[in-house]
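The values are calculated or read from the model by the stated rules, or taken from the named source; none is laboratory data. In this text, all values refer to a predicted model and were calculated from it rather than measured experimentally. Don't worry about glycine lacking a Cβ; one is built from the backbone with ideal geometry, like all the others, and counts go over all protein chains shown. Heads up: the accessible areas ignore ligands, DNA and RNA and are worked out on the full protein's heavy atoms, side chains in. Shrake-Rupley method; radii C 1.70, N 1.55, O 1.52, S 1.80 Å.
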Amino acid sequence: MRRTLAATMHLRHLALTNFRNYIRLELDLPLGVTIVQGGNAQGKSNLLEAIVFLATGKSPRASSDSELVNWLVKDEPYPFARAAAEVVREDRVEQIDITLLPNKGNGRFRKQVRINAVNKRAMDLVGIMLTVLFRPEDVDLVSGSPSQRRRYLDIALCQMEPTYCRALSHYQKVLTQRNALLRHLAERGGDAGEQLRYWDEKLVESGSLVVARRLWLLHELEQEAALLHLDLSGGVERLHLRYLPSFDPGQQSPPRRTSYSRTGTGPERGVVYAALSQEQVRASFLAHLHAGRSRDLAAGMTLIGPHRDDLGFYLGERNLRAYGSRGQQRTAALASKLAEVAIMTRVSGESPILLLDDVMSELDATRRRMLLEVIPMVKQTIVTTTDWDDFADDLLPQAHRLEVREGRVKAWTSGPPRDASAAPTL
Ligand SMILES: Nc1ncnc2c1ncn2[C@@H]1O[C@H](COP(=O)(O)OP(=O)(O)O)[C@@H](O)[C@H]1O
Ligand SMILES: [Mg+2]
């Protein structure tokens, strides 16, 4: 634990220009709960996307930043999009500003990041505004793809540890280079050993940090998630979160022909390696890379490493992905997501901004209640919904209520009583 002070970090103001379907938005946001109501395709997810974009420098869903620029302005001579936030920290206000500007005529956009009016790298955004986003697709984290689960770990770690973010981005660059070399060697031949040695070292340097920190986070998540899960499921079985590595990070001398994989003879039940240091992971990663070199060459790509690892959710010995009911999978996903809030709060000393994107309708009454119980634990929550009725009457009166219609946000005005037609006539 770095600090114990629970500060009131929050997003005070959000400004958007040409961001998705927001042509122009200036929005003040209070502490506490804000509920944003709107029908389908009005801009609910876009609003939360903008907040995560400002917090991490990356959209949680767009594959390219150009998707974020409003369609209508793209044909203008100088199209741009801008998102800006005023974030209150303990003793100061931070101004974050990301502008997307056209990249010389190639149809793409480049990011210009400014923090307190000074040009910075996107990486420098990390940690100013902590967020936990929960979307309908996260409800299916357990049954979803491995890349979705890796992303879940990566986004949480990136926000807590800038060094993790740098290592991950470095790893991805080196991986691309190593894969290009593998393909080149496969096509043209050459001294594989000499050339690969350089890239192996580089890959292992950042990759070992990524694996070691993921193992740490999983260990932390498991403690919190298991408790929440007991509450949620009303059951007796303990939830386990296990790292499913593509190589055994605790084993430094792999067999000559390693057949270790998460689908093969590897530990079907996953590995708990909370105590492994980066040094230990480094040694085993390097050993496994060497042992697997001929397979990598044959495949023309790197077959082991954190880019191929996965995470498993277990009840007892059963992997919920394979054996859990849909309800069990959703309960485990919710418990893990809520655990993230607790860990971020503990590590950073501040509660993250909780962003709930239209998830209420995905959850049954018990899970809804559980989710709502977490809201008082955080200082600022922004919830989107299509239906005010998703919230029990105890949350609505204390919430700040907004409506979004076609990219415009306004304060909620109570219309005619909801059930006017059903009211008994006296
Ligand atoms: N780059 C863009 N420019 C303009 N509109 C966009 C852009 N990207 C998405 N949209 C539109 O924004 C609308 C709102 O999307 P979204 O926020 O996902 O809706 P919802 O309220 O259902 O969460 C959709 O109609 C979508 O087509
Ligand atoms: Mg949506």
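Okay, here's what the table says:
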{"item": "Trp388 - accessible surface, heavy atoms, 1.4 Å probe, Å² rounded to 10", "result": "30"}
{"item": "Among the listed pairs Lys337/Lys379; Lys74/Lys104; Lys58/Lys173; Lys173/Lys202; Lys58/Lys202, those beyond 20 Å (Cα-Cα)", "result": "Lys58/Lys202"}
{"item": "Principal-axis tilt of helix 278-291 within the chain, Cα atoms, nearest 10 degrees", "result": "50"}
{"item": "Listed residues His184, His13, His229 arranged by accessible area, highest first, probe 1.4 Å", "result": "His184, His13, His229"}
{"item": "Charge-dipole axis of the chain as Lys and Arg at +1 and Asp and Glu at -1 on Cβ define it, positive-most pick from Ala85, Leu244, Thr345", "result": "Leu244"}
{"item": "Tail fraction, Cα-Cα pairs, the chain, threshold 36 Å, whole percent", "result": "33"}
{"item": "Area accessible to solvent at Val236, 1.4 Å probe radius, in Å²", "result": "140"}
{"item": "Selection from Ser233, Ala192, Met160, by position along the positive dipole direction of the stretch 142-349 (Cβ)", "result": "Ala192"}
{"item": "Alpha-carbon Rg/Rh ratio, for the stretch 7-112, with Rh computed the Kirkwood way", "result": "0.99"}
{"item": "Nearest 10 degrees, 0 to 90: helix 326-348 Cα axis against the chain principal axis", "result": "90"}
{"item": "Dipole moment magnitude, nearest 20 debye, the chain about Cα centre, only Lys, Arg, Asp, Glu C-beta charged", "result": "1260"}
{"item": "Between the stretch 342-376 and the stretch 152-216, the alpha-carbon center distance in angstrom", "result": "33"}
{"item": "Ranked by how many other beta carbons lie within 10 Å on average, peptides 24-35, 121-132 from highest", "result": "121-132, 24-35"}
{"item": "All aspartates and glutamates inside 12 Å of Lys120 as judged from Cα atoms, apart from same-chain residues fewer than 8 positions distant", "result": "Asp97"}
{"item": "Rounded to 5, the percent of DSSP beta bridges in the chain classed as antiparallel", "result": "70"}
{"item": "The chain, relative contact order [Cα under 8 Å, separation at least 6], %", "result": "25"}
{"item": "Nearest 10 degrees, 0 to 90: helix 365-374 Cα axis against the chain principal axis", "result": "90"}
{"item": "Peptides 141-153, 280-292, 200-212 ordered by average Cβ neighbours within 10 Å, highest first", "result": "200-212, 280-292, 141-153"}
{"item": "Dimensionless Rg/Rh of the stretch 142-349 - Kirkwood Rh, Rg from C-alpha atoms", "result": "1.00"}
